[in-house]
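Have a look at the structure below before the remarks.
Just so it is clear, none of the values below were taken in a lab; they were calculated from the coordinates. Nothing here was measured: the structure is a model prediction, and the numbers come from that model. Note: ideal-geometry Cβ built from the backbone for every residue, glycine included; neighbour counts use all protein chains shown.
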Amino acid sequence: MRKALLATAAILLAAAPLAACNRQDGASAARSRVKIGGPFNLVDMNGKPVTEQSLLGKPTAIFFGFTYCPEVCPTTLTDLTALLKMLGPDADKLNVVFVSVDPERDTPEQLRTYLSNFDPRIQGFTGTPETVAKAAKAYRVYYQKVPQDGGGYTIDHSSSIYLFDAKGQFVTPIAYQSPPDRALTQLRALLAR
Ligand code: NI
């Protein structure tokens, strides 16, 4: 019980500065104190190992979700697909990554099939429950399995897209369902860095 309470407190502490990050104003003091991003060991849609090093050299837009997600993930992926189209050829200068928080169901093949519905430049990463948990922790991403009536489960998860520069430094989040013109401005600013 005590352990659970401590874990909850830790999640709340981690989540609080993120909530501040989602405000639409500029850099906040809260953001600078929280390190978002870090080492991870996952696999891509072909089962090939990927780490945080794999993303260096290009700016990155990354978010965490799962292919069975009923709403947030397909909405975000649809928005990203539209944004990449609006960016035109510049979209090739960006890594766009969807990291599964449901490694039990999201095999590389499942990710490949699911992501074929969206812009082909969107990469999918997955792993084991342990390696995914480690990656989510590094990115301050919250996720929690929620059992469903009649068996099965869904997963509550953080919904922001995080933007990183080509050196892997966190820049800013794009909030869920951010207006497209605002998100486009953020992505163009990222590419111009
Ligand atoms: Ni989702």
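Miscellaneous remarks
- Of the strands (runs of 3 or more DSSP E) lying entirely inside segment 40-104, those carrying at least 2 residues that are under 25 Å from Ala189 (Cα atoms) and out of contact with any Lys or Arg (no Cβ under 9 Å at 6 or more places or on another chain) are 60-65, 95-100.
- Scan of segment 70-99 for residues that are within 16 Å of the ligand (Cβ to nearest atom), surrounded by 20 or more Cβ atoms within 10 Å (Cβ to Cβ) and either touching a residue at least 60 places away in the same chain (Cβ under 8 Å) or more than 18 Å from Pro179 (Cβ to Cβ) (or both), ordered by number: Cys73, Thr76, Leu80, Val96, Val97, Phe98, Val99
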